[in-house]
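These notes concern the structure reproduced below.
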Amino acid sequence: MGFSVSASTAIIFAGLFLATGIMYPAMSNGYEAVQDAEVDRDDAQLDMRNSEIEIDAISANSITVNNTGSTSLTVSNVDLVIDGEYQPRDTYDTSVDMDGSTDLWLPGESLVIDGFSSTNRIKVVTDHGLSVTREV
């Protein structure tokens, strides 16, 4: 009886050791993925808090928006809503400080959006959902 108890105990401990060896990498990878997602979320929230835009001027078919925050923004992530309707990116032109080829909108620079028709209400939405609205 003594040998069978010892053998079964050894088999149980070997099984537990094997199960732990299989489960640890899976749990570790899941934990790291959650940690990376939390870091990305915190970075996005910090960028949103440090970002600010304001509409400087509006004309019949042009709007000038200033980046008054301390975060660089991406021009290709800027969306335009006119009178409550989303405007596809190919329906208007953008330029940052007279440079239409750049995609980087640095703090202190002005973004000019032109090529749309006269409107009553304009909303500009940037990265992280930051937006500004102006009645014309």
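Read the figures in this text as sums done on the coordinates, not as results from a lab. The shown structure was predicted, so the numbers you read here are calculated from the model rather than taken from an experiment. Quick reminder, even Gly has a Cβ in these numbers, built from the backbone with ideal geometry, and neighbours come from all protein chains shown.
For region 25-43, indicate whether the set of residues that are closer than 30 Å to Gly100 by Cβ, within 20 Å of the chain's Cα centre (by Cα) and either surrounded by 10 or more Cβ atoms within 10 Å (Cβ to Cβ) or not aliphatic (A, V, I, L, M) (or both) is non-empty.
Checking region 25-43: at least one residue is closer than 30 Å to Gly100 by Cβ, within 20 Å of the chain's Cα centre (by Cα) and either surrounded by 10 or more Cβ atoms within 10 Å (Cβ to Cβ) or not aliphatic (A, V, I, L, M) (or both).
I need the full set of residues from region 89-101 which are more than 19 Å from the chain's Cα centre (by Cα) and at negative phi, in order please.
Listed by number, the residues that qualify are Asp90, Thr91, Tyr92, Asp93, Thr94, Ser95, Val96, Asp99, Gly100, Ser101.
Report the residue count in region 50-81 for those that are buried (at least 18 other Cβ atoms within 10 Å of the Cβ) and out of contact with any strand residue (DSSP E or B) (no Cβ under 6 Å at 6 or more places or on another chain).
Going through region 50-81 one residue at a time, the tally reaches 4.
Considering only region 92-136, how many residues are in a strand (DSSP E or B), surrounded by fewer than 15 Cβ atoms within 10 Å (Cβ to Cβ) and of a type in the set (Gly, Ala, Ser)?
1
So which residues in region 94-136 are in contact with a strand residue (DSSP E or B) (Cβ under 8 Å, 6 or more places away or on another chain), among the acidic types (Asp, Glu) and over 12 Å from Ile55 (Cβ atoms)?
Asp97, Asp103, Glu109, Asp114, Asp127
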